[in-house]
1. To the nearest 500 deg cm²/dmol, what mean residue ellipticity at 222 nm is calculated for the chain from DSSP H runs of n ≥ 4 alone, each contributing -39,500 (n - 2.57), summed and divided by the residues?
2. Expressed in nm to one decimal, what extension gain is obtained for the pair residue 147 and residue 328 from 0.36 nm per residue of sequence separation less their Cα-Cα distance?
3. What's the Kirkwood radius of the chain in Å, using all Cα pairs?
4. Compute the angle between helix 76-90 and the longest alpha-carbon principal axis of the chain, please, reported from 0 to 90 degrees and rounded to the nearest 10.
5. Between residue 209 and residue 35, what length in nm is gained on full extension when 0.36 nm per residue of separation is reduced by their alpha carbon distance?
6. Taking neighbour counts of Cβ atoms within 10 Å as a proxy for exposure, in what order, fewest first, do 12, 305 appear?
7. To the nearest 10 degrees, how steep is helix 229-243 against the longest Cα principal axis of the chain, on a 0 to 90 scale?
8. Round to the nearest 0.05 the FRET efficiency obtained for residue 283 and residue 311 when R0 = 22 Å and r is the Cβ-Cβ distance.
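Each value in this text was obtained by applying a stated rule to the coordinates, not by laboratory testing. This structure is a prediction, so every number in the text was calculated from the model and none was measured. So basically every Cβ, Gly included, is an ideal-geometry build from the backbone, and we count neighbours across all protein chains shown.
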C-alpha cells in the first residue's frame, strides 16, 4: 500500500504557489487511481497553517506542518531537516513536489538521507495495473519515456503547466505540527536581502499567456543596409510591456555576444528555448525573425497556438512548425501592433 505525500513550501505571503497547487492535483489524482493508497500533505514555511487549511478539500488522511521563522526563507540545512522529518512522520513511499528552485537544490540530499530514489522533470503520473508509472522527456524533449520504480521512497519533481491547479478554499483541518530544533551550525546561512530586476526590465514570465521569441534577424542588416539594434530593442521592450508577454530567444541570437556582435542587453541564455531542452508552456507563441530550425521548434512543443513573422515565405516556420505565418517585416509589424496596443 502506497502512502503518497504532497510536499510544498509557502510563498512570501504565506500562500501556496500555482505550481504547488498543480502538484497537489497530481497527488490527489494518483491517490484516487491507486486502490488502498493514502494521501498526506506536508507544508514548510514561516506559518504554514493557513496555507494547509486552504487545501483541506483534498481530503488527505494527514496534514503535517513545519513552521517558524527559521523555515520562512530558503536554506539548505533547515529545509533538508524539515523535508526529512515530514517524510518520516508520514511514512511516505511516494513524494510529489513542485520543481521549484528552493526544493530542487534540497530534495536530492534528502533522498540520500532516506535511501530513496528521485526522478525529475515529471510530465505525467499514471497507474497501470496497480503500478505507478511516470512520464518524462529525454534528449532535449525529443523522446518521452514511461517508467516505474520499485525502490521507495520515490521522490517526483513535477514540472509546472501539466496539471490543473487544485481549487483552494477555506477549511479547518487537523494539522500535526512537527517541531525541529535547529542548532547554530544549521543556521549559519542567512538571507539578508533580495536582488531582482525592476518590473519593466523583467523579461521571463512563466505564467504569461504569450511567449514572444526573438531571432537573430532583429540584429542583422535591414532593407536599408543598416543594423537597427537599438530600434529593435525599443520595439521588443515596448511590446513586452504592453502585452505582459514573456521573452524567449533563439540560440543564434544569444550566441551573438560571443561573436562580438551587437546584442540586446536585456537578453541572456536564460531566455533561450529549444536546444537547451527548455519547453515553455504558454498558451500562445509568436516567433519573429527566426529561421525555425527543428531544435527550436521542439522547444515550442507544448505551446497551443504558434504564429511567426518572417520575410521569407520559405522559412522553416512555414513547413508545418507554426499555425500561422505572416510574411512581413517584423519591425513594421511589431511597430504597428504596439501602436494598436497603445
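1. -7000 deg cm²/dmol
2. Taking 0.36 nm per residue and subtracting the Cα distance, the gain is 60.6 nm.
3. 22.2
4. Helix 76-90 sits roughly 50 degrees off the main axis of the chain.
5. Working: separation 174, 0.36 × 174 = 62.64 nm, distance 3.70 nm.
Answer, rounded to one decimal: 58.9 nm.
6. Final ranking by Cβ density, sparse to dense: 12, 305.
7. With both axes taken from Cα atoms, the answer is about 50 degrees.
8. On the way: r = 26 Å, r/R0 = 1.20.
Approximately 0.25, to the nearest 0.05.
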